[in-house]
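Notes to accompany the following structure.
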Amino acid sequence: MIFQKKPQPDPELAILRAELHRAQGELWAAYNCFDQAVDPELVESCVYQISAVKARCNYLLRSIKERVGAGKEDALWT
């Protein structure tokens, strides 16, 4: 029987996942603000906020995929 060491979880990957989770919450809040906005300037502000948070989510997703793809952790999203 061969004993294999369990790979250590990547702490940076956990941080990226937590940040993505927070950003998704911010995106939900930005969409909620947009849905309730009636003033044109407030609508524009919400659109910019949504765009910024979506860009951050995309960055975080790319970073997570690169770390998982680089073999730093198995492909399971725990």
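The values are calculated or read from the model by the stated rules, or taken from the named source; none is laboratory data. All figures in this text were calculated on a predicted structure; none of them were measured in a lab. All Cβ positions, even for glycine, are placed from backbone atoms using ideal geometry, and neighbour counts span all protein chains on display.
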Please verify whether Glu26 is among the acidic types (Asp, Glu) and loosely packed, with under 11 Cβ neighbours inside 10 Å, treating the condition exactly as stated. no
Answer yes or no: is there a residue in the stretch 13-23 that is surrounded by 13 or more Cβ atoms within 10 Å (Cβ to Cβ), at pLDDT 95 or above and either among the polar types (S, T, N, Q) or touching a strand residue (DSSP E or B) at 6+ places or on another chain (Cβ under 7 Å) (or both). no
